[in-house]
1. Considering segment B:41-65 alone, what residues qualify as being in a loop (DSSP other than H, G, I, E, B) and either under 11 Å from residue A:601 (Cβ atoms) or within 18 Å of the chain's Cα centre (by Cα) (or both)?
2. Return yes when residue A:31 is out of contact with any Phe, Trp or Tyr (no Cβ under 7 Å at 6 or more places or on another chain), open to solvent by 20 Å² or more (accessible area, probe 1.4 Å), modelled with pLDDT under 80 and acidic (Asp, Glu) and no when it is not.
3. Within segment B:72-96, can you find the residues that are more than 12 Å from chain A (Cβ to nearest Cβ) and touching a residue at least 60 places away in the same chain (Cβ under 8 Å)?
4. Which one of these does residue A:543 not meet: (1) part of a strand (DSSP E or B); (2) within 14 Å of chain B (Cβ to nearest Cβ); (3) over 32 Å from the mean Cα position of the chain (by Cα); (4) among the aliphatic types (A, V, I, L, M)?
5. Tell me, please, whether a residue that is under 30 Å from residue A:625 (Cβ atoms), among the aliphatic types (A, V, I, L, M) and more than 8 Å from every other protein chain (Cβ to nearest Cβ) can be found in segment B:18-27.
6. Just for segment A:252-268: of the residues that are in a helix (DSSP H, G or I), surrounded by fewer than 16 Cβ atoms within 10 Å (Cβ to Cβ) and aliphatic (A, V, I, L, M), which one is farthest from the chain's Cα centre (by Cα)?
7. List every residue pair whose Cβ atoms sit under 6 Å apart, with the two residues 6 or more apart in sequence or on different chains, where the first one lies in segment A:615-637 and is within 11 Å of chain B (Cβ to nearest Cβ) and the second, anywhere, is part of a helix (DSSP H, G or I) and of a type in the set (Val, Ile, Thr).
Amino acid sequence: MNVDIEELKGVFFEEASDQLAEMEANLLNLEAGADPDLLNSIFRCAHSIKGGSGTFAMTDVTQFTHGLETLLDSVRKGQIEVTTALTDLLLRSVDHMTNLLAVERGERTEPVETQPMLDEISAIIDEQSLGGNEVFDEDAFRAEVAAMLALESIELAAEADDFFADEPAEIPTEVIAETHIADSDVIEIVGEVDALEPDPVAIPVAAPAPTPALAIVTTPVEQAPAKPEPVQTREQSAGRRKADNVAKSDNQVLRIPTEKVDKLINLVGELVIHQAILNDIAANFTPDKAPQLSAAVTDVARATRELQERVMAVRMLPIKQAFARFSRLVHDLSASCGKKIELRTAGEDTELDKTLIEGIADPLTHLVRNSIDHGIESPVERLVAGKPEIGHINLTACHEGGNIIIEVSDDGKGLDRDKILAKAKQNGLVADGDVLTDEQVYSLIYQPGFSTADKVTDISGRGVGMDIVVSSIRALGGTVTLSSTPGSGTKFRVRLPLTMAILEGLTLSVHDEVYILPLTSILESIRPRAEDIHHLAGRGHVVTLRSESLPIVRLHELFDIGGAITDCTEGLLVIIENDGHKAALLVDELIGQSQVVVKSLESNYRKVEGVAGATILGNGRVGLILDVPALINHSLGRQNTLSMAA
Amino acid sequence: MTQATDTQDVLAVESTNQYLTFSLAGEEYGIDILKVQEIKGFVPTTRLPNSPAHVTGVLNLRGTIVPLIDLRLKFGFQPLEYDKFNAIIVMVVGSRVIGTIVDSVSEVATINGTDIQEAPEFGQGANANMIAGMAKVGEKLIILLDIDTVFADETATLALAA
């Protein structure tokens with residue numbers, strides 16, 4: 001039996017970062033009031049980490065968590081009062097553990113000093129509690145670890161190798177684990193080990209615990225053990241545990257609710273049956289079986305489609321995971337700015353693709369930081385302005401059509417139009433005589449290096465930011481719009497596609513080339529009359545559509561395709577829209593609508609101007625997906641975004 | 001594998017001594033067999049707009065989008081109208097998979113390190129390092145390509161479309 005200890009460690013790190021995230025969330029909630037459930041939950045997390053770190057001989061982590069546990073225990077017993085100073089210390093402890101674990105993972109090179117933190121912790125214990133004299137009893141702890149190891153080795157014996165080899169096939173199993181170890185410890189071990197093989201594991205011993213059979217599922221922490229202790233009740237902490245593996249882990253683990261996996265398995269089963277039916281028809285095919293054949297094909301098509309949707313759903317995670325980090329961010333930053341800010345979130349259960357969640361976290365962080373630093377005023381300013389002392393930042397997510405909309409809004413002072421304009425003139429971005437709309441003025445803040453902050457703080461104001469936010473959101477296929485009302489706040493609206501993996505597209509042709517246009521950006525397609533086409537001297541052609549003039553983008557010119565239709569009245573104009581701008585794309589023909597799987601051109605080649613990605617067409621050839629924002633920018637005369645080939 | 005001598009250390013070629021040889025515009029070329037993923041028949045490609053001429057297009061390799069490079073154009077030779085008799089060599093260059101279309105694939109030749117001569121000096125041109133060496137197999141002279149250098153442009157992540 002050769003078990004890769006590194007794999008097990010990986011599982012521990014994963015669990016630990018979940019535990020830390022949960023601790024953090026609960027600590028933040030704790031500030032609102034000492035709730036025994038919360039305290040218990042925090043204690044459990046610390047305890048789990050201690051157990052796990054002991055198993056892997058991470059002495060620093062173990063010692064520290066032990067100290068922390070002692071403190072938490074006193075808090076739980078009511079010997080120490082919950083104060084801001086205490087939660088602050090506990091939050092720093094969470095950070096400290098994160099650092100310690102980072103060292104263990106080899107992600108951090110500089111050593112972390114544990115002793116000062118421990119001293120601080122024992123100082124509190126000594127000062128406030130009666131004793132604080134519980135020392136780290138190494139013997140007792142070793143015994144505990146040994147017991148855990150014993151339990152774990154049983155699982156290891158259960159061909160852990162196999163488990164790691166076929167990761168996708170983690171089917172929920174049930175194990176009746178009855179030991180002399182406290183049931184909470186069993187639960188923890190189970191959490192670390194992640195899944196138990198059903199057959200070879202038979203753990204005999206009498207049962208002290210009233211615990212029902214432990215259901216061990218692929219998401220052990222979340223769904224597992226019906227513990228006798230109350231589980232966390234707060235809205236924010238539910239499901240909070242799996243957060244934060246987002247940015248950290250390189251080894252890309254995706255946690256999937258068992259329910260989703262079960263549905264997949266059912267569907268695959270169905271597909272197999274349909275395929276068997278098809279085989280059967282094909283084996284003894286006679287012309288009179290044609291109706292059966294077509295029925296069977298329809299069934300396969302339906303099952304395939306459903307399977308595709310379900311598989312996509314596997315990658316869909318609640319946005320909660322991206323939102324989770326913000327309570328802490330707001331807590332810390334508002335304190336350091338001397339502002340009082342409350343974060344409100346809504347729609348955390350909105351699901352979107354994992355890649356998007358990972359990609360959106362940083363831009364959102366930036367927006368929230370901006371709101372804290374520039375948006376919300378200091379309490380004094382707010383009172384003077386007749387607003388409540390506490391500022392609010394709202395973070396909401398919802399679905400809208402095929403998109404997800406994330407809004408970051410604050411009730412602060414809003415953008416200062418004059419100040420932005422003055423700064424822009426100073427930087428030479430705007431000429432003196434120019435008259436700009438509000439929208440245009442606000443979009444100036446997206447310029448690289450643009451900042452109106454009077455002073456550079458450590459939070460923001462250096463002017464690197466909004467341009468990065470915008471470009472990273474664009475890279476995800478999304479857009480950002482912003483609205484602001486002086487005196488009452490700023491709102492950023494981020495629109496993202498639900499998934500980057502599948503796209504509903506319109507297939508069209510230009511001569512013998514086939515392209516795909518994302519359906520979400522198409523408004524309509526028309527065959528214009530000759531009198532609607534106008535030539536603007538030096539600016540190309542425009543088409544008048546319901547008294548609106550739209551620039552015509554000639555795809556054949558842009559992509560240098562010979563033999564295409566060049567007369568707009570013979571071809572078709574597809575009206576596309578992005579970011580409020582419209583353009584008419586001249587194509588030869590529309591072929592049809594279909595769902596395509598988006599493939600990257602960049603993985604083996606590079607970004608091609610005007611092309612957002614590629615896909616495999618029904619005939620097995622590659623089809624290119626058009627980059628609508630780039631095409632529109634081109635029509636707006638922003639030539640730099642699309643190098644003209646013609 | 002024991003052929004290595006001190007004069008061979010300059011070669012950028014890995015320590016394998018098997019080369020896939022192919023013909024291109026009347027010359028024989030060889031590339032390290034370890035860089036070759038597979039050889040397949042010519043398939044129609046999808047043209048990429050705004051791309052250099054030697055990038056013929058992209059093809060579907062079992063669901064992966066792979067760019068196809070026309071080595072004739074890349075090397076500045078006369079273009080050829082390709083058909084089903086031409087071959088595509090799919091290579092792994094760094095982390096990327098790249099297809100190259102060649103006139104025809106010849107054989108897998110075992111070339112001992114001692115039979116490889118250094119390429120003659122061509123000066124400082126961009127193409128100077130593309131040739132890892134020259135080898136004589138029977139009567140034929142085989143030009144050994146350093147494929148990583150040949151496709152340095154294609155694999156550069158930040159390169160802009162020409």
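1. Within segment B:41-65, B:42, B:48, B:51, B:52, B:53, B:54 qualify.
2. Against the criterion (out of contact with any Phe, Trp or Tyr (no Cβ under 7 Å at 6 or more places or on another chain), open to solvent by 20 Å² or more (accessible area, probe 1.4 Å), modelled with pLDDT under 80 and acidic (Asp, Glu)), residue A:31 qualifies.
3. The initial filter retains those residues of segment B:72-96 that are more than 12 Å from chain A (Cβ to nearest Cβ), namely B:72-89.
B:74, B:87, B:89, listed by residue number.
4. (2)
5. So far as segment B:18-27 goes, no, none of its residues is under 30 Å from residue A:625 (Cβ atoms), among the aliphatic types (A, V, I, L, M) and more than 8 Å from every other protein chain (Cβ to nearest Cβ).
6. A:268
7. A:630/A:641
Listed here are the residues, each with its yes/no results for (1) acidic (Asp, Glu); (2) at pLDDT 80 or above; (3) within 31 Å of the chain's Cα centre (by Cα).
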{"site": "A:8", "(1), (2), (3)": "no, no, yes"}
{"site": "A:19", "(1), (2), (3)": "no, yes, yes"}
{"site": "A:23", "(1), (2), (3)": "no, yes, yes"}
{"site": "A:44", "(1), (2), (3)": "no, yes, yes"}
{"site": "A:50", "(1), (2), (3)": "no, yes, yes"}
{"site": "A:62", "(1), (2), (3)": "no, yes, yes"}
{"site": "A:67", "(1), (2), (3)": "no, yes, no"}
{"site": "A:72", "(1), (2), (3)": "no, yes, no"}
{"site": "A:78", "(1), (2), (3)": "no, no, no"}
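The values are calculated or read from the model by the stated rules, or taken from the named source; none is laboratory data. Note that the structure is a prediction, hence the values are computed from the model and not measured. Methodologically, a virtual Cβ is constructed for each residue, glycine included, from the backbone with ideal geometry; neighbour enumeration extends over all protein chains shown. Accessible surface areas use protein heavy atoms only, side chains included; no ligands, DNA or RNA. Shrake-Rupley method; radii C 1.70, N 1.55, O 1.52, S 1.80 Å.
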